[in-house]
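> Sharing a structure below in structure tokens format, with a few things to ask.
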Amino acid sequence: MSYVLGIDTATAVLGVAVVGKDGLLAERSTLGERLHSVRLIPFIQDLLVEAGIALRDLTGIAVSIGPGSFTGLRLGLTAAKTLAQALDLPVVGVPTLLALAAPLLPGGIPVCPVLTSRRSEAYAAVYQQNGQGVKTAVMPFAAPPSGVSARLTPFRRVILAGEGAWTFRAELKEMLQGKAVFTPKIFSHPRGAVVADLGLKELAAGGGADPFSLVPEYLRPPAITGGTPCEG
């Protein structure tokens, strides 16, 4: 039996989940970015109990690799790498924007997940599902709202999801002139279950990597002021 642990610490919501070939076994999430470092390991421990499995039963780990909070990404990647090395398991790095978009893709309409950067910009991408699977129509990028709308110009209709879509809703709605469909706020953050499920599919297809080959996808380098990295 295949069981994959999914970890997402890229945003203000901490999410962890375990999925198997028959679907979700257990999931936990909570809002509060400053407490991610305190909650992550206890969440994983409790999650495994709820799922009825032990660490030794895991067959892989999936972790959100960004973009997102610099501190959050480092925390999630460190936890995933440490567990994978200790258990000799493969790891799948899941783009945070893809994890946010994935549940919305089966409708066939392009999905633009949007997260906010602390530099008053947005992180965004465009994904689309077709008969061959999921296509990255616009690679992840960082830009102000005007830059997001400019990249969406070629699309006749697009779904916007994520807390960034709500943060910049007024600007995006005006610039996109009726072609944007905004999802409810419940879709503002990626889920640990989606990260785990994408990881399970990647591993089933022969993917996965050595844990120490994974690096975060910041999109922008951390700003250094007085030796202290600034959040993204």
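> Listed highest first by mean packing, meaning other Cβ atoms within 10 Å per residue, what order do 34-40, 2-8, 131-137 come in? List each step's numbers first, then the result.
Details: 34-40: 14.9, 2-8: 26.6, 131-137: 11.1.
Listed from highest to lowest mean packing, they are 2-8, 34-40, 131-137.
> Need the C-alpha centroid separation for segment 138-210 versus segment 37-82, integer Å.
Here the answer is 23 Å between Cα centres.
> Can you check what the net charge comes to around V111, using other residues whose Cβ is under 12 Å from the Cβ of V111 (Lys, Arg +1; Asp, Glu -1)?
Details: positive: K135, R157; negative: none.
Once positives and negatives cancel, what remains is +2.
> Given a cut-off of under 8 Å on Cα pairs at least six residues apart, what relative contact order in percent is computed for the chain?
Details: 514 pairs, mean separation 58.6, N = 232.
It comes to 25 percent, rounded to a whole number.
> What are the lysines whose alpha-carbon lies under 21 Å from the alpha-carbon of K21, with same-chain residues fewer than 8 places away excluded?
Straight-line reach from K21, under 21 Å: K201.
> Nearest 10 degrees, 0 to 90: what angle lies between the long axis of helix 36-51 and the longest principal axis of the chain (Cα atoms)?
It works out to around 60 degrees.
> Right, next: If R₀ is 41 angstrom, what is the calculated FRET efficiency for the pair S2 and R157, using the beta carbon separation as r and rounding to 0.05? Don't jump to the answer; show the numbers that get you there.
Working: r = 37 Å, r/R0 = 0.89.
Efficiency for this residue pair is about 0.65.
> Remind me, relative contact order of segment 97-187 in percent, using alpha carbon pairs under 8 angstrom and six or more residues apart? Present the calculation step by step, with values, prior to reporting the outcome.
Working: 169 pairs, mean separation 25.1, N = 91.
So the answer I get is 28 percent.
> Between the helical axis of 70-87 and the dominant principal axis of the chain, each derived from Cα atoms, what acute angle in degrees is found, rounded to the nearest 10?
Compared with the principal axis, the helix lies near 30 degrees.
> Okay, moving on. Which of A62, A99, A209 moves the most in a Gaussian network model of the chain with Cα springs under 10 Å?
A209
> Would you tally the net charge around E50, using a Cβ to Cβ cut-off of less than 9 Å, leaving E50 out, and scoring K and R as +1, D and E as -1? Don't skip to the answer; put the middle values down first.
Values: positive: R28; negative: E27, D46.
Once all neighbours under 9 Å are counted, the net charge is -1.
> Suppose each label sits 7 Å from its Cα in the direction of the beta carbon; what would the D88-V38 distance come out to in nanometres?
In this crude label model, D88 to V38 measures out at 3.7 nm.
Values quoted throughout were computed directly from the atomic coordinates according to the rules given, and no laboratory measurement underlies them. Keep in mind the model is a prediction, meaning the values are calculated, not measured. Every residue, glycine as well, gets a Cβ built from its backbone with ideal geometry; the counts of neighbours run over all protein chains shown.
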